[in-house]
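These notes are about the structure you will find just below.
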Amino acid sequence: MATSASNKLEVSALDFDDIKSNIKIFLASQKEFQDYDFEGSGMAVLIDALAYNTHYLAFNSNMLVNEIFLESADVRKNIVALAKALGYTPTSAKSPLAEIDVTVNNVPAGTTSITASKGTTFNTSVDGTTYTYLTNEAVTITPTSGVFKFTNLKVYEGTNVSFSYTVNSSDEDQRFILPSDNADTSTLKVTVQNSASDTTTETYTLATGITSLDSTSKVYFLQEGEDGRFEVYFGDGVLGKSVSDGNIITLEYIVTNKDESNGASTFTLADTIGGFSDVSISTSSNSQGGSEPQSKNSIRYNAPLQYSAQDRAVTTKDYESLVQTIYPNALSVSAYGGEDAETPEYGKVFISIKAASGSTLTTATKNDIVTQLKKYNVASVTPVIVDPETTSLVLTTNAKYDENATTKTRDTIKTDITDALTVYNTNNLQKFDGIFRYSKVIKAIDDADNSILSNITTLKMRKNFTPTLGSATTYNIYFRNAFYNPHSGHDATAGGILISTGFKITGNTNEMFLNDDGEGNVRMYYLSGTTKVYQNNTQGTIDYANGTVTLTSLNIASISNIRGSTSSVIELTTTPKSNDVVPVRDQIIEIDVANSSVTVEADTFAGGTADAGTTYTTTSSY
């Protein structure tokens with residue numbers, strides 16, 4: 001056999017064609033196949049088979065290696081197993097929760113208490129579909145001034161399910177599984193009965209750490225199984241009390257439709273409460289919090305963070321990770337210390353949550369999250385849930401396209417551009433770390449259709465505030481991105497970069513507006529025809545460097561409609577200094593696609609038909 005260097009088989013190639021070429025080179029270097037025409041013989045089929053087999057094994061090996069690391073694993077059961085090694089359990093499907101006030105009417109005199117049993121059901125309708133809500137624990141009340149009223153009664157969407165196992169240690173394959181795909185493990189109640197003949201029952205609670213456990217601790221552990229269903233297991237007699245043969249384990253939980261009924265606001269009794277059916281129901285907190293099981297990407301992101309937190313909240317990242325676990329409906333979470341707020345508040349950590357479904361969190365949901373966070377707090381730090389602050393970007397786009405390169409109409413191309421902006425909005429913005437990158441948006445517009453040649457896009461920033469009517473109030477509106485500075489010497493009648501929607505002030509029937517003078521002063525004016533008549537040249541200040549508008553002692557009587565719709569807010573629109581807009585702390589950036597302007601024009605240069613003597617000038621002004 002030949003021994004020259006060319007006889008050596010290259011093994012570093014992974015591409016099919018490269019593998020095939022290397023096999024041919026190796027065979028051609030052997031004296032048995034010198035001057036052999038591989039392409040013109042059946043040997044080519046055998047070489048293809050060898051190359052395919054080698055490529056297949058290399059691909060399979062690569063995938064196997066990827067699956068042993070949390071960051072690169074793609075199969076859910078592998079991600080879950082790797083997260084378990086870090087002490088992390090993914091969250092299950094979550095049932096929507098509502099709080100209602102139920103007043104029981106016509107209660108006979110002498111009644112001392114009424115109990116709403118666990119499993120008491122209520123009906124609601126969302127988008128024409130009826131859903132069942134129920135209580136997950138028994139609640140007993142006594143009358144107040146003769147009135148029986150359940151206040152803030154918690155009701156969960158779904159169906160109550162109970163499943164029992166008899167412990168048999170001789171069955172090596174026995175597992176205590178919740179046999180439901182959409183089980184909400186946060187509603188799980190685990191009880192252990194001594195035996196079929198001994199009905200003594202003990203309730204076990206979910207273990208949240210191991211440092212305080214001993215052989216008598218009545219706790220259970222939870223893990224997600226290979227099929228996505230959750231499994232309960234118990235201690236070994238050292239860390240947690242163990243179960244014995246003959247024990248009957250009962251698992252009670254709610255199976256939910258997840259986020260389908262989020263937002264439900266009207267409920268009717270489908271059962272009886274303490275034997276009474278005549279009730280009046282009002283909703284104190286709309287249904288909220290229903291969600292899908294935790295996604296693979298979320299598990300990858302949060303497992304290492306929770307591992308570093310070690311069941312305590314010290315850094316802001318610890319709080320962000322814990323909130324993702326406590327409230328799975330969170331799409332994005334931002335936490336920051338009170339010392340970093342515009343007005344410092346020491347001893348607090350502020351947490352802002354962008355929900356995956358629904359808008360802002362209800363007071364009940366916020367209180368529940370804060371309560372669950374307290375056990376992780378270090379020292380006297382107080383967690384506070386705040387609503388996200390949204391800064392909207394209004395785009396003005398003028399796109400040029402080659403009408404000879406497409407059969408689409410201008411309106412169709414305009415729709416394509418609008419759809420591209422919507423996709424960018426969803427995929428890149430509307431979360432706390434979502435930075436608006438101007439160049440990426442320009443590219444997304446150009447890529448909306450092959451016929452688009454270029455686009456000129458400008459942007460404005462817009463925020464709104466809700467005024468206190470009939471009271472002279474100072475307002476601070478934080479854009480947290482620097483404004484374009486019109487510089488000194490600006491025309492005092494032209495204004496600067498600030499405009500507002502209309503409102504009326506106490507003691508004046510004119511519709512007022514706000515602008516700035518380019519020198520840092522906010523002015524209030526009304527229109528007499530097309531002439532601006534200034535009511536106050538020092539209604540506040542504008543900080544161009546820090547992106548802050550301060551309105552001083554503004555006494556608003558009423559608010560004008562915005563874009564033809566009744567409004568409770570006043571909008572302020574400005575021009576940013578940079579075309580890249582960055583969210584800070586509890587701020588979320590989003591494109592207001594509906595109110596952005598898109599114009600599509602055929603480019604006369606595309607076909608070389610433009611008049612050579614014509615000059616085309618593009619101007620931009622603030």
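Here are the numbers:
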| quantity | calculated |
| --- | --- |
| Residues located in segment 556-607, provided they are small (G, A, S) and in a strand (DSSP E or B) | A557, S558, S565, S597, A602 |
| Failed item, numbered, when Y336 is tested on (1) modelled with pLDDT under 80; (2) not in a helix (DSSP H, G or I) | (1) |
| Tally, over segment 385-411, of residues that are exposed (fewer than 15 other Cβ atoms within 10 Å of the Cβ) and within 20 Å of the chain's Cα centre (by Cα) | 1 |
| Candidates V323, V279, filtered to the one that is assigned by TED's automatic domain parsing to the domain that holds K118, surrounded by 17 or more Cβ atoms within 10 Å (Cβ to Cβ) and out of contact with any Pro (no Cβ under 8 Å at 6 or more places or on another chain) | V279 |
| Subset tally (residues that are free of Cβ contacts under 8 Å to residues at least 60 places away in the same chain, surrounded by fewer than 17 Cβ atoms within 10 Å (Cβ to Cβ) and among the charged types (D, E, K, R)) for segment 412-443 | 3 |
| Filter result (crowded, with 18+ Cβ neighbours inside 10 Å and out of contact with any strand residue (DSSP E or B) (no Cβ under 9 Å at 6 or more places or on another chain)) within segment 301-320 | N302, A303, L305, Q306, A309 |
| Residues being aromatic (F, W, Y) and part of a helix (DSSP H, G or I) - total across segment 411-441 | 2 |
| Flag if F267 is crowded, with 20+ Cβ neighbours inside 10 Å and within 30 Å of T103 (Cα to Cα) | yes |
| Residue in segment 161-176 that is in the same structural domain as T283 (by TED's automatic domain parsing), among the basic types (K, R) and at pLDDT 90 or above present | no |
| Count of residues meeting criterion [part of a strand (DSSP E or B) and surrounded by 11 or more Cβ atoms within 10 Å (Cβ to Cβ)] in segment 137-146 | 3 |
| Any pair with Cβ under 7 angstrom, 6 or more apart, that starts in segment 547-564 at a residue that is loosely packed, with under 15 Cβ neighbours inside 10 Å and ends at one that is at pLDDT below 90 | N561/S567 |
| Residue match in segment 350-361 (condition: within 24 Å of the chain's Cα centre (by Cα), surrounded by fewer than 14 Cβ atoms within 10 Å (Cβ to Cβ) and closer than 28 Å to T151 by Cα) | yes |
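Condition check ((1) surrounded by 14 or more Cβ atoms within 10 Å (Cβ to Cβ); (2) in contact (Cβ under 8 Å) with a residue 24 or more places away in the chain; (3) under 26 Å from D227 (Cβ atoms)) across all residues:
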position: K77; (1), (2), (3): yes, yes, yes
position: N123; (1), (2), (3): yes, yes, no
position: T129; (1), (2), (3): no, yes, no
position: L134; (1), (2), (3): yes, yes, no
position: T151; (1), (2), (3): no, yes, no
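The values are calculated or read from the model by the stated rules, or taken from the named source; none is laboratory data. In this text the structure is predicted, and so the values were computed from the model without any measurement. Positions of Cβ are generated from backbone atoms using ideal geometry, with glycine treated the same way; all protein chains shown enter the neighbour counts.
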